[in-house]
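The structure appears below as C-alpha cells.
The values are calculated or read from the model by the stated rules, or taken from the named source; none is laboratory data. Predicted, not measured: the structure shown is a model, and the values here were computed from it. Cβ atoms come from the backbone with ideal geometry, glycine included; neighbour counts cover every protein chain shown.
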Amino acid sequence: MPATIQKWGNGLGVRISKSIAKQLKLCVGMKVEFATVGGALTLWSRRRSKYKLSDLLAKWKGHNRHGELFPGGPVGRELI
C-alpha cells in the first residue's frame, strides 16, 4: 500500500491507513519504535505487558525455588 512522506513541523511523517492501523492494533498516542536495516524501515509497537513483575512476585508462594546451580565456589580460573 503506497504512502506519502509529509513534512510535520521540523520532521517528516507517514500516515498509516485505518485498515493497517486496525490490523496492527495501533492507536493514537501509542509509543512505537523503528529501525532501518538494508534500506528497509521496520516499525513495531511498544505494548505494555499485561503483567507487572511486582504483581507476579507477590503471588509467588516459594514452593518451587531452586538453589544455586554450581554451589561450592570457583573450581578453576573463573573471572567471576
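Yes or no: segment 50-63 includes at least one residue that is under 18 Å from the mean Cα position of the chain (by Cα) and either modelled with pLDDT of 85 or more or not basic (Lys, Arg) (or both).
In the first step, residues of segment 50-63 are kept if they are under 18 Å from the mean Cα position of the chain (by Cα); the result is 50-53.
Then keep just the ones that are either modelled with pLDDT of 85 or more or not basic (Lys, Arg) (or both); that gives 51, 53.
Yes: segment 50-63 contains one or more residues that are under 18 Å from the mean Cα position of the chain (by Cα) and either modelled with pLDDT of 85 or more or not basic (Lys, Arg) (or both).
From the list Leu79, Leu24, exactly one residue is of a type in the set (A, V, I, L, M, F, W, C) and modelled with pLDDT of 80 or more. Which is it?
Values: Leu79 fails: modelled with pLDDT of 80 or more.
When all the criteria are applied, what remains is Leu24.
Restricting to segment 17-62, give me the number of residues that are over 20 Å from Met1 (Cα atoms) and part of a helix (DSSP H, G or I).
Number of matching residues: 7.
Out of the residues in segment 10-27 that are aliphatic (A, V, I, L, M) and touching a Ser or Thr at 6+ places or on another chain (Cβ under 9 Å), which is surrounded by the fewest Cβ atoms within 10 Å (Cβ to Cβ)? If you could, list the steps in order and put the result at the bottom.
The first filter runs over segment 10-27 and keeps only residues aliphatic (A, V, I, L, M), leaving 12, 14, 16, 20-21, 24, 26.
Filter once more, so that each one left must be touching a Ser or Thr at 6+ places or on another chain (Cβ under 9 Å): 14, 24, 26.
Working: Val14: 11, Leu24: 14, Leu26: 14.
The extreme case among them is Val14.
Output the qualifying pairs, or none if there are none: Cβ atoms under 8 angstrom, residues six or more apart or on different chains, first residue in segment 28-53 and loosely packed, with under 10 Cβ neighbours inside 10 Å, second residue modelled with pLDDT under 80 and of a type outside the set (Ser, Thr, Tyr).
Once the first residue is loosely packed, with under 10 Cβ neighbours inside 10 Å and sits in segment 28-53, its partners that are modelled with pLDDT under 80 and of a type outside the set (Ser, Thr, Tyr) give Lys31/Arg46; Glu33/Arg46.
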